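Since the structure comes first, as structure tokens, the remarks are kept for the end.
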Amino acid sequence: MQPDRDLVRQYQQGSYVTLRLTAGMYHRFHAPGDGTVEHVSYISGDTWNVNPIALQRIENLFCKNERAVIRLRLEPSGQLVTLVPVAAILVASIRLNFLNVLLHLRYRGPNHIPCAARLKRGEEMGWFQHGSTIIAFVPPGVRLAEGLATGSTVRMGQPLFRLDDE
């Protein structure tokens, strides 16, 4: 699959955070701020385990697993944030509350789904049926929140990013 070059360009010199959800964790994900989901690309794929050992052994694992690329335009800044829920073993489907479509492995992809779903900060966007991963990409001008470090536990409502002017 060819990358979306315009989307890639938006995040050059930007930041990202990888959130691994283990089996015993909360499996829902929420809007990071008020905004509108503009587009979803669903890409079917494998459902490899996403634990650290598998990530070391399987090259580009996140690019092989089932995933959805969710473009969310934040208000009032207009910043584009892209969230990528990645399915893992025992999951095999990603649920998105704002779409009236069940995403699963039957849909070979990528499947491009235009969207105009308005969400409020903290509103549930979707969930996994088991542990998995979410990768959040932000453009330049947005930085990781203070205290966020590799291996740290993140709780619902805890900031992941800050605008440079905050």
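The values are calculated or read from the model by the stated rules, or taken from the named source; none is laboratory data. All values derive from a computational prediction rather than experimental measurement. Cβ: placed from backbone, ideal geometry, glycine included. Neighbour counts: every protein chain shown.
The figures follow:
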| quantity | calculated |
| --- | --- |
| Residue list for segment 24-77, filter: β-branched (V, I, T) and either in a loop (DSSP other than H, G, I, E, B) or within 17 Å of L160 (Cβ to Cβ) (or both) | T47, V50, I58, I70 |
| Filter pass, R121 being among the charged types (D, E, K, R) and assigned to a loop (DSSP other than H, G, I, E, B) | yes |
| Condition check for L90: at pLDDT below 80, under 24 Å from G151 (Cα atoms) and out of contact with any Leu (no Cβ under 7 Å at 6 or more places or on another chain) | yes |
| Complete set of residues in segment 1-16 that are surrounded by fewer than 16 Cβ atoms within 10 Å (Cβ to Cβ) and either assigned to a strand (DSSP E or B) or modelled with pLDDT under 75 (or both) | M1, Q2, P3, Y16 |
| Selection from segment 135-165 of residues that are in contact (Cβ under 8 Å) with a residue 60 or more places away in the chain, closer than 23 Å to V50 by Cα and assigned to a loop (DSSP other than H, G, I, E, B) | L148, V154, M156, L160 |
| Tally, over segment 20-48, of residues that are among the hydrophobic types (A, V, I, L, M, F, W, C), buried (at least 16 other Cβ atoms within 10 Å of the Cβ) and at pLDDT below 85 | 3 |
